[in-house]
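Rule-based calculations on the coordinates, nothing more; no lab input. Please read all numbers here as calculations on a predicted model, not as lab measurements. Here the Cβ positions follow ideal geometry from the backbone for every residue, glycine too, while neighbour counts run over all protein chains shown.
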Amino acid sequence: MISRIDEATNMPGIEATIEIIDSMDEILTYNTWILPTLVVNKQIVARGYIPSLQQILKHIKGSHSTTNDNTIEDKL
């Protein structure tokens, strides 16, 4: 999943911060136990599978706002 997220965030016009979470305490703050889990701006957008590049881009673009930078978190 990390390589696909990296591919999505390197596309022209996409700005995002990638954060990989591997601390069990932090993973549990998202109330998920299914891995991998993809979180965009504090919202779980994929859990238990690796989303396609198009799905990742849809979530990044759909969650963008003028007051919040895109933060993508991958739970390992």
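Listed values, structure above:
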read-out: Residues whose placed amide H lies under 5 Å from that of A46, excluding near-sequence neighbours; value: L38
read-out: Ranked by how many other beta carbons lie within 10 Å on average, peptides 40-53, 15-28 from highest; value: 40-53, 15-28
read-out: Environment charge of P12, counting only residues whose C-beta is closer than 15 Å and scoring Lys/Arg +1, Asp/Glu -1; value: -2
